[in-house]
Amino acid sequence: MTSVAVTAPITDERRAGLVAKAVQFLETGHVPDGLFAPGVFTDATMPTWRLQARGVDGLVAIRQAGHPYPGKIPRHRVDPIPSGFVMEVEETWTADGQAWYCRELFRADVSDEGITQLTVYCTGDWDEA
């Protein structure tokens, strides 16, 4: 695992702004300016596999492969950590005529450039059945 040096303390306001941008990204698939550092490292673990990528394009590719449809984050919780935040979300979306659901946990390390390291734990996608 890569260690990340935080260049400045993270204020509650900065953390809240990044969380709002993260929710926007999860719901739309579009990356808001300043959310991710250009060299962001992503480590995503699902029930039976693990994916890693470096850079914003790689992160977006992982996201689009797993959740290609816009969705909603009806609930989320954020816990501050010294290097950034941990965010737990419930996510819903519609695909192939069905309602889908998953729960995810994101651990984000932050620098002045945005999120530099994102670790994702996903329960897997659950259809209506």
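The values are calculated or read from the model by the stated rules, or taken from the named source; none is laboratory data. Source: prediction; values computed, not measured. Cβ sites come from the backbone with ideal geometry, for glycine too, and all protein chains shown count toward neighbours. Accessible surface areas use protein heavy atoms only, side chains included; no ligands, DNA or RNA. Shrake-Rupley method; radii C 1.70, N 1.55, O 1.52, S 1.80 Å.
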- Note on the structure: Checking THR94, THR42, THR48 in turn, the sole residue that is among the hydroxyl-bearing types (Ser, Thr, Tyr) and part of a loop (DSSP other than H, G, I, E, B) turns out to be THR48
- Message: Being farther than 15 Å from LEU59 by Cα, out of contact with any Asp or Glu (no Cβ under 6 Å at 6 or more places or on another chain) and surrounded by 18 or more Cβ atoms within 10 Å (Cβ to Cβ) is the filter here; which residues of the range 85-110 pass it?
- Response: PHE85, MET87, GLU91, TRP93, GLU104, VAL110
- Query: Are there any pairs with C-beta distances below 8 angstrom linking a residue in the range 32-56 that is basic (Lys, Arg) to a residue that is surrounded by fewer than 17 Cβ atoms within 10 Å (Cβ to Cβ) and part of a strand (DSSP E or B), with the two at least 6 apart or on different chains, and if so which?
  - Reply: ARG54/GLY39
- Does ALA20 satisfy being open to solvent by 40 Å² or more (accessible area, probe 1.4 Å), more than 15 Å from GLU91 (Cα to Cα), small (Gly, Ala, Ser) and assigned to a helix (DSSP H, G or I)? no
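Any idea how many residues of the range 47-65 are over 17 Å from PRO32 (Cβ atoms) and either open to solvent by less than 30 Å² (accessible area, probe 1.4 Å) or in contact with a Lys or Arg (Cβ under 6 Å, 6 or more places away or on another chain) (or both)?
So the count comes out to 2.
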- Does the range 106-117 contain at least one residue that is without any contact (Cβ under 8 Å) to a residue 24 or more places away in the chain and either part of a loop (DSSP other than H, G, I, E, B) or of a type in the set (A, V, I, L, M) (or both)? no
